[in-house]
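> Sharing a structure below in structure tokens format, with a few things to ask.
The values are calculated or read from the model by the stated rules, or taken from the named source; none is laboratory data. The shown structure was predicted, so the numbers you read here are calculated from the model rather than taken from an experiment. Cβ coordinates were reconstructed from backbone atoms using ideal geometry, including for glycine residues, and neighbour counts include every protein chain displayed. The accessibility values were calculated without ligands, DNA or RNA, using every heavy atom of the protein model including side chains. Shrake-Rupley method; radii C 1.70, N 1.55, O 1.52, S 1.80 Å.
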Number of protein chains: 2
Amino acid sequence: MSQKRTGHTHVVLETQEVPPERVDWFLDHVQATSPCLVMDLSVVHENYVEFAKNFHNAHIYYAVKANPAAEVLSTLHGAGANFEVASVPELLECLAVGAHPGDIAYTNPIKKRDDIGKAYALGVRAFTTDSAPDLANIAQVAPGSSVTCRVAVTPPGARSPLGNKFGCSQDMAAALLREAARLGLRPEGVAFHPGSQQLNPHAWDTGIELSAQIFAELAAEGIELNSLNLGGGFPVRYIEPVPPISAYVAAIDGALDRHFSAGIPAIRVEPGRAIVATAGVLISEVVLVAKKAASDTHRWVYLDVGRYGGLAETEQEMIAYQLVTGHDGPNGPVILAGPTCDGDDVLYRKTPYSLPLALRQGDQVRFLGAGAYTASYASVFFNGFSPMATYYIPSQSD
Amino acid sequence: MSQKRTGHTHVVLETQEVPPERVDWFLDHVQATSPCLVMDLSVVHENYVEFAKNFHNAHIYYAVKANPAAEVLSTLHGAGANFEVASVPELLECLAVGAHPGDIAYTNPIKKRDDIGKAYALGVRAFTTDSAPDLANIAQVAPGSSVTCRVAVTPPGARSPLGNKFGCSQDMAAALLREAARLGLRPEGVAFHPGSQQLNPHAWDTGIELSAQIFAELAAEGIELNSLNLGGGFPVRYIEPVPPISAYVAAIDGALDRHFSAGIPAIRVEPGRAIVATAGVLISEVVLVAKKAASDTHRWVYLDVGRYGGLAETEQEMIAYQLVTGHDGPNGPVILAGPTCDGDDVLYRKTPYSLPLALRQGDQVRFLGAGAYTASYASVFFNGFSPMATYYIPSQSD
């Protein structure tokens, strides 16, 4: 979609991104403060429908941590999503929009025993674990619940490998599921996560193979597992192209056919970024454009949002957002930084961003694809800056 | 001070740290949630008095960003501190505890023109700048104000070098101060910052030398600068010993004598960490202690606070806090991690922490020296976790 009509330049939008004219229309009608996040709930809905169409054989659990806003959860609940939560407050947010506790899984392997008990009291019966003490806690305060064991997999290609902090060894996973049965819990299945913003569709292969071995090992002992949780990690386009979601489905289906020849279990997926990222546009303002020495070849562009104000995923420049300004070129190289007195609050120093030479203080800079892992990360009062506001464009299907 | 009486072990307290028995007494009387930060306002007061005694020839501006709590600001205002602020909300916090706007400097070189105007309307007349557009904004909306120009210095030894984001070249600093005079502003002096938690007392030498050259250059043109701002960066002890503050005073005095032979200007310092860090104890709870494979030689210790809950300075393990548990040894190696579903939420993987083998879920782990750059960094709702509460032990001098 061309942006010529609205005066924004240098971005080619893909499908299922917020149309810039809808953001313009919205901002014309709202006294928005800067910085802020504008979420288009229509796009959340469309992304979910599209994702569900691709994964039509899977049970979809939205990863609430990606964007826990009530408006987002309500939209997804209306679209039929299940939810995976990292904490009791996230669980309460889901229940508050009408989600049934039977459609919610408490998937954080790190949880206080009291919190497991609270979730159980609220009706949750599905837990993910990766360690013996957590399993013992579940057995004690959530008796009879179903338990999925997360196994560590560290495939190449993930922008944020998770294997070190989460998941246990294959042997331990089998032992924990065995122990779950002994403790009166229901050993439900195996989970793994290939890493966030995973660019390689085949990154699921190893986890699927390893899970199939655990299924087979336990089946031989009379323990029938029911489901395989493929985690999240499905990428969205930031500045670099990513494979289409259909490539992930094809790669995963192929691996399932290869490794589960005796029958494919129920499949669960936990998309977060893939559902909400492209629904969000982060609106920021240029605080200053400056050179710091006569010899500088680049400009410093300081924005009113930075790493501590919601752009936490720019740490080590892991996520490089598409930026849109209201100017046409010519462009020149910039270093982008946030507004705080913190030397680490620099967004992009190595990623070669180039912005219009006409850019001035007070101008707006939009971060596309900013609906995931942004507003809820913002610091509560770092350097005196308040967490950004979030605005919601109602779903057109409402 | 021995901790045998209170059952806490493995820590040798230095002077001006929170006595553990005061924290124990306080926690016995308060229904504290975990995690939380306990600030002993007596220690804030004592640290300020001690720092001021060492820097008895300097004007002291407390760096509000280190801990912007009203209770802290009120204590320091009572002790006679000036304040340096990074934003208008920080300024408002200072005014709310009774600070006079004439005792407050707006030192963030990155500020919106509107915010400069707001500060001016509230009575602030001292600004720090490092770029031409910021200087033009000051001249426009804060006419007649005094301006300090920040120059870039990157000495070795700082744990967090700031030179790249802040400060301009020496030539540009002179030009900006010249321009300030032309714009009807008062060119007040030069500022630099040697980097946070600076372990080398001689790290100020280069900045002092460079500043003296700017003073001399402008004096030759008839522009008399009045003050030199040495920034902050004075370290506190975490797990590694640091030189005493007197070593910094001696090194700085020596450099001033060498480079300002014609007369030493008024000196300003901006301590933050050195005033509040040792006044704070962060109380956390062990969520789980787990091994993830039979072959693991270390234990994973998951706490209910992590990098996104207030321990932001553990990024790249820059700050390694002293930890205290209620157990005696024997100890064994651990990896420490936070409670979120984020793979990067690991506190210490490389720093060789060793904690009691008896450590179990539900046990308390205390982070000493946690009064600076913690509570105000906490995310607003990341993974559903609320920002930690802060409690204040009243100053004994109140």
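> At B:Glu50, label 7 Å along Cα→Cβ: distances to the other copies, nm, ascending?
Sorted ascending, the copy-to-copy spacings read 5.9 nm.
> Okay, moving on. Using modelled backbone amide H atoms (1.01 Å from N, in-plane), which distant-in-sequence or interchain residues come within less than 5 Å of B:Ala389's amide H?
Close amide H contacts, sequence-distant or interchain: B:Leu37.
> With the cut-off at 1.5 for a/c, could you classify segment B:317-398 from its C-alpha gyration tensor as rounded, prolate or oblate?
oblate
> Please state the shape class of segment A:68-271: rounded when a/c is under 1.5, otherwise prolate if a/b exceeds b/c and oblate if not, all from the C-alpha gyration tensor.
oblate
> Can you compute 3J(HN,Hα) from phi for each residue in segment A:370-377, using the Karplus curve 6.51 cos²θ - 1.76 cosθ + 1.60 with θ = phi - 60°, rounded to whole Hz and x for Gly and Pro?
Working through the residues one at a time gives 9, x, 10, 6, 10, 4, 6, 7 Hz.
> Which distances, in nm and shortest first, link the A:Gln396 label point to the same label point in every other copy, taking 7 Å along Cα→Cβ?
Its label point is 6.9 nm from the equivalent points in the other copies.
> Here's another thing I want to ask about it. Could you compute how much accessible area chains B and A hide from each other, both sides summed, with a 1.4 Å probe? Nearest 100 Å² is fine.
5400 Å²
> How many percent of the accessible area of chain A is carbon or sulfur, using a 1.4 Å probe?
52 percent
> Now, a different point. Taking amide H atoms as placed 1.01 Å from N in the peptide plane, list the residues 5 or more away in sequence, or in a different chain, whose amide H sits under 5 Å from that of A:His193.
A:Val153
> Another one. Given R₀ = 45 Å, FRET efficiency for A:Arg360-B:Asp24 by Cβ-Cβ distance, to 0.05?
0.20
> Have a look at A:Asp40, A:Asp103, A:Asp363 and tell me which one the Gaussian network model of chain A (Cα, springs below 10 Å) gives the largest fluctuation.
In the Gaussian network model the winner is A:Asp363.
> Put the label 7 Å from Cα along Cα→Cβ for A:Ala132; what are its distances to the other copies, in nanometres, shortest first?
6.9
> Let me ask something additional. Write down the accessible area per residue of segment B:109-265 in Å², having rolled a 1.4 Å probe over the full set of protein chains.
37 Å²
> A drop of at least 50 square angstrom in accessible area, chain alone versus all protein chains together, probe 1.4 Å. Which residues of segment A:331-366 meet that?
Output list: A:Cys341, A:Gly343, A:Gln361.
> Still on this structure, please answer the following. For segment A:184-316, what does the alpha-carbon gyration tensor say about shape, rounded, prolate or oblate, given a ≥ b ≥ c as the root eigenvalues, a/c under 1.5 as rounded, and a/b over b/c as prolate?
Prolate.
> Whole-Hz ³J(HN,Hα) for each residue in segment B:207-215, computed from phi via Karplus 6.51 cos²θ - 1.76 cosθ + 1.60 with θ = phi - 60°, x for glycine and proline: what do you get?
x, 5, 4, 5, 5, 4, 5, 5, 4
> So which lysines can B:Lys111 reach, going by Cα to Cα under 20 Å and dropping same-chain residues fewer than 8 places off?
List returned: A:Lys291, A:Lys292, B:Lys65, B:Lys165.
> Please state the equivalent ellipsoid semi-axes for the protein assembly as shown: what are the square roots of 5 times the Cα gyration tensor eigenvalues, largest first, in whole Å?
So the equivalent ellipsoid measures 47, 33, 21 Å along its semi-axes.
> Considering only chain A, pick the residue with its Cβ nearest the axis of the rotation onto chain B, and state the distance in whole Å.
Closest Cβ on chain A to the axis mapping it onto B, in Å: A:Val380, 3.
> Within a Cβ distance under 10 Å of B:Ala290, other residues only, what is the Lys/Arg minus Asp/Glu net charge?
That works out to 0.
> Looking only at segment B:18-34, which residues have a backbone nitrogen under 19 Å from a spot 7 Å from the Cα of B:Gln396 in the C-beta direction?
Flagged as within label range: B:18-29.
> Same structure again: Check the straight Cα-Cα distances from B:Lys112 and name the aspartates and glutamates below 12 Å, setting aside those fewer than 8 residues away within the same chain.
The qualifying aspartates and glutamates are A:Glu285, A:Asp304, A:Asp363, B:Asp134.
> Just to be sure I understand the model, the point goes 7 Å from the Cα along the line to the Cβ. What's the resulting B:Ala70 to A:Val49 distance in nm?
Modelled inter-label distance: 4.9 nm.
> For the Cα atoms of chain A, what angle does the longest principal axis make with the long axis of helix A:170-182, in degrees from 0 to 90, nearest 10?
For helix A:170-182, the angle is close to 60 degrees.
> What do you get for the angle between helix B:245-259 and the principal long axis of chain B? Use alpha-carbon atoms, 0 to 90 degrees, nearest ten.
It is inclined by approximately 20 degrees.
> In chain B, what % of DSSP beta bridges are antiparallel (nearest 5)?
Just about 40 percent of them are antiparallel.
> If you don't mind, another one. Would you compute, for the Cα atoms of chain A, the largest minus smallest coordinate along each principal axis and list the three values in descending order, in whole Å?
Computed over chain A, the largest-to-smallest principal extents equal 72, 41, 39 Å.
> Determine the calculated [θ] at 222 nm for chain A from helices alone, applying -39500 (n - 2.57) to every DSSP H run no shorter than 4 residues and normalising by the residue count; nearest 500 deg cm²/dmol.
-8500 deg cm²/dmol
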